[in-house]
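Colleague: Below is one structure. I have some questions about it.
The values are calculated or read from the model by the stated rules, or taken from the named source; none is laboratory data. As the structure is a computational prediction, the values presented were derived from the model and not from experiment. Reconstructed Cβ throughout: ideal geometry from the backbone, glycine too, with neighbour counts over all protein chains shown. Protein only, heavy atoms only, side chains kept; ligands, DNA and RNA dropped before computing areas. Shrake-Rupley method; radii C 1.70, N 1.55, O 1.52, S 1.80 Å.
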Amino acid sequence: MGTIYQPQESTIQDLKVTINDTSLVFPSEETQKKTMFLSNIDQVLNFDVQTLHFFNANPEFSPEIVTERLRIALSKVLVPYDFLAGRLKMNQESKRLEFDCNGAGAVFLVASSELTLKDIGDLVYPNPAFRKLIQHEKIDHLEKDDKPLCIIQVTSFKCGGFAMGFSTNHITFDGISFKIFLQNLASQAFDDDNNNSKPLAIVPCNERTLLAARTPPRVSFPHLELLKLKVPIGEELNPTVFETLQEELDIKIFKLNSSDISSLKEKAKDEDTPNAKITSFNVVTSYVWRCKALSFDAENNSERISTVLFAVDIRPRLNPLLPQSYTGNAVLTSYASATCHELEEGPFSKIVDMVSQGVMRMTDEYARSAIDWGEIYKGFPNGEFLISSWWKLGFSQVEYPWGKPKYSCPVVSHRKDIILLFPNIDDGINSINDGVNILVALPAKQMEKFESYFHKFLLA
């Protein structure tokens, strides 16, 4: 009944990683030199995202074979994903960021660790040492116009297992399109005795003008979830969505198993809210929102308005539908707001209904209005905190020649205004969809209250 995740082993602080080789990988065929338009959604996501994918040893695929297969596969996928081999540049005339598809290459790092996967211990619990498995700082000396958009690091362990680390600029992909990229990369890693070209798993759609603002822009909603900026878009290449204050934070992972989630769904059923969509994401988001809002350390907190932000995939919500294979960022921020009194005293079904309404608010016209808003005002998501869900992206379900990952996870920075949802490890015993892990970082006093509410409301 709702537990706090305990690391299975003590976390190692030094993975003893050595970089053995650094090279550039270029498209296997000549690609057209061009610039690529970036949507208003893309424009505000100019920061790097790192993910790790751990694999057990496979006797048929030594780390050396895997490394070479991946290097060749990457060169092949850089043809349809030509922008990944390019660079991010500012168009001085339009004052917009754009991809310069110049074939400058992606970075490929080969590394080794003196440890085994077992030595590393628990892969689920976030370990700052994991940053050594994707050392993007190796290219920090480059000028910003020459920063690669994609870095891959293959790190072999003494046991024969290995980790694939990716660092990509968020402008390149959202979570859904990154999974498709991984599927395509995997498809090109399978051996072909005749050296024939293998088909991609899914042909990517690179036409980002599909999410261009309308002419003229038409903002038809107030968009309370967005905050206006005073500086021209693109002026600051590393924008901060939330204010960052230096303070001591407690880090805990709260776990809801499948029974907990089923119980929350039952509590969400109410004849007064017949239109609420009672999904796993909606009930978990509602539950986390309730605990987070009430843990806020402030006087008269009951009358304070709390706003939770969460991402909504707009691919199936546009008219006409956006291709599922769209490579750019096709998620927009939605929100739900309520007073803390409502969140504490009101029925759980009402909270779920508010989150559900936030999701359903994202119609074609609302999404187009948000994109147009970004054309006129420039801005970022605006709320108390964001729930970032990696829960069902399915990175660990991608099938490579050497098998599926033992575990896939983001490399996270702990922020009190971002709560992360991510899956369990697939250990062959527990289902990969068995529950969700909730990573929370809060000052000690707030964490104590969050934990108290987390247990209290499950029992109510």
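Colleague: Would you kindly derive the ³J(HN,Hα) couplings of the range 162-174 from the backbone phi angles with the Karplus curve 6.51 cos²θ - 1.76 cosθ + 1.60 (θ = phi - 60°), listing them in order in whole Hz, with x for Gly and Pro?
Modeller: After applying 6.51 cos²θ - 1.76 cosθ + 1.60, I find 7, 10, 9, x, 10, 10, 10, 5, 4, 4, 5, 9, 9 Hz.
Colleague: For Val440, what is the net charge nearby, where nearby means another residue's Cβ is under 12 Å from its Cβ and Lys, Arg count +1, Asp, Glu -1? Don't jump to the answer; show the numbers that get you there.
Modeller: Details: positive: Lys252, Lys255, Lys292, Arg415, Lys416, Lys449; negative: Asp250, Asp417, Glu448, Glu451.
Within the 12 Å Cβ shell, the charges total +2.
Colleague: Cα to Cα, under 20 Å, and not fewer than 8 places away if on the same chain: which aspartates and glutamates meet these conditions relative to Lys34?
Modeller: Straight-distance partners of Lys34: Asp42, Asp82, Glu93, Glu98, Asp100, Asp145, Asp146, Glu207.
Colleague: Give me the tail of P(r) for the chain as a percent: Cα-Cα pairs with distance above 41 Å.
Modeller: Working: 18774 of 105570 pairs.
Roughly 18 percent, rounded to a whole number.
Colleague: Please go through the residue pairs Lys16/Lys252; Lys118/Lys292; Lys350/Lys392; Lys265/Lys378; Lys255/Lys277 and name each one whose alpha carbons sit more than 32 Å apart in this structure.
Modeller: Numbers: Lys16/Lys252 26 Å; Lys118/Lys292 34 Å; Lys350/Lys392 25 Å; Lys265/Lys378 38 Å; Lys255/Lys277 22 Å.
Pairs exceeding the cut-off: Lys118/Lys292; Lys265/Lys378.
Colleague: Based on Cβ point charges of +1 for Lys and Arg and -1 for Asp and Glu, what charge dipole magnitude is obtained for the range 298-347 about its Cα centre, in debye rounded to the nearest 20? Please list the in-between numbers first.
Modeller: Working: 3 positive and 6 negative charges, 101 e Å.
The calculation lands at about 480 debye.
Colleague: For Lys33, list the lysines whose Cα falls under 18 Å from its own Cα; do not include residues on the same chain fewer than 8 positions away.
Modeller: Partners within reach: Lys76, Lys89, Lys147.
Colleague: Is the shape of the range 299-365 best called rounded, prolate or oblate, per the rule: a/c under 1.5 gives rounded, else a/b larger than b/c gives prolate, else oblate, with a ≥ b ≥ c the square roots of the Cα gyration tensor eigenvalues? If you can, show how the numbers build up before the last one.
Modeller: On the way: a/c = 3.98, a/b = 2.65, b/c = 1.50.
Because a/c hits 1.5 or more and a/b exceeds b/c, the range 299-365 counts as prolate.
Colleague: Then there is this: Taking all protein chains in place and a 1.4 Å probe, what share, in percent, of the accessible surface of the chain do carbon and sulfur account for?
Modeller: Values: 10220 of 20510 Å².
Summing carbon and sulfur atoms, their accessible area is 50 percent of the total for the chain.
Colleague: Top to bottom by accessible area (1.4 Å), largest first, where do Asp364, Asp250, Asp191, Asp372 land? List each step's numbers first, then the result.
Modeller: Numbers: Asp364 40, Asp250 65, Asp191 105, Asp372 0 Å².
So the residues, ranked largest to smallest area, are Asp191, Asp250, Asp364, Asp372.
Colleague: May I pose another question? Just the accessible area per residue of the chain, please: how many Å² with a 1.4 Å probe?
Modeller: Numbers: 20510 Å² over 460 residues.
About 45 Å² of surface per residue is accessible.
Colleague: How much net charge surrounds Ala57 when only the other residues with a Cβ under 12 Å from the Cβ of Ala57 are counted, with Lys and Arg +1 and Asp and Glu -1? Please list the in-between numbers first.
Modeller: Details: positive: Lys118, Lys158, Lys406; negative: Glu60.
Overall, the nearby charge balance is +2.
Colleague: Rounded to the nearest 10 Å², what accessible area does His136 show when all protein chains are kept and the probe is 1.4 Å?
Modeller: About 50 Å², rounded to the nearest 10.
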